[in-house]
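Comments concern the structure below.
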């Protein structure tokens with residue numbers, strides 16, 4: 001558009017700057033040949049042995065930068081030792097831990113809603129009886 005405006009203000013012929021492909025004559029020559037319509041789908045000639053189309057392979061790469069598993073370690077680099085977060089032993093991770101899974105009630109930090117409400121009420125009572133920091137009367 002800017003070129004058209006500049007050419008118009010300079011009183012030059014704008015059509016000399018447009019490609020000949022965009023002329024109506026070129027359009028008519030492009031579509032001037034006979035275009036045969038496709039037959040209806042019932043009239044298609046299908047081969048007896050159709051080509052089988054298989055679904056795409058499931059071996060797809062994940063998006064993003066690849067992890068550094070294939071990286072060659074430096075000379076002075078020490079290997080990272082696996083440590084299990086469940087049993088704290090070396091050589092495996094939590095998912096491969098040979099120790100049996102502990103019962104849900106014995107896990108630290110896990111409690112049901114009932115236990116939370118009971119614990120909450122006992123903590124409130126403790127705070128009312130004796131605060132760590134004490135209470136002050138600001139009205140005095």
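Please treat every number below as a calculation from the coordinates, not as lab data. Owing to the predicted nature of the structure, the values given are computational and were not obtained by experimental measurement. Every residue, glycine among them, receives a Cβ derived from its backbone with ideal geometry; neighbour counts consider all protein chains shown.
Which ordering of 51, 101 is given by a fewest-first count of other beta-carbon atoms within 10 Å?
Ascending Cβ contact count within 10 Å gives the list 51, 101.
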For the range 12-63, what does the alpha-carbon gyration tensor say about shape, rounded, prolate or oblate, given a ≥ b ≥ c as the root eigenvalues, a/c under 1.5 as rounded, and a/b over b/c as prolate?
-> oblate
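Ranking 92, 60 by Cβ neighbours within 10 Å, fewest first, what do you get?
Values: 92 15, 60 7.
Neighbour counts put them in this order, fewest first: 60, 92.
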Once you put a point 7 Å from the Cα of residue 93 and another 7 Å from the Cα of residue 44, both along the Cβ direction, what distance in nm separates them?
-> 4.8 nm
Using a Förster distance of 41 Å, the FRET efficiency for residue 30-residue 61 (Cβ separation, nearest 0.05) | 0.45
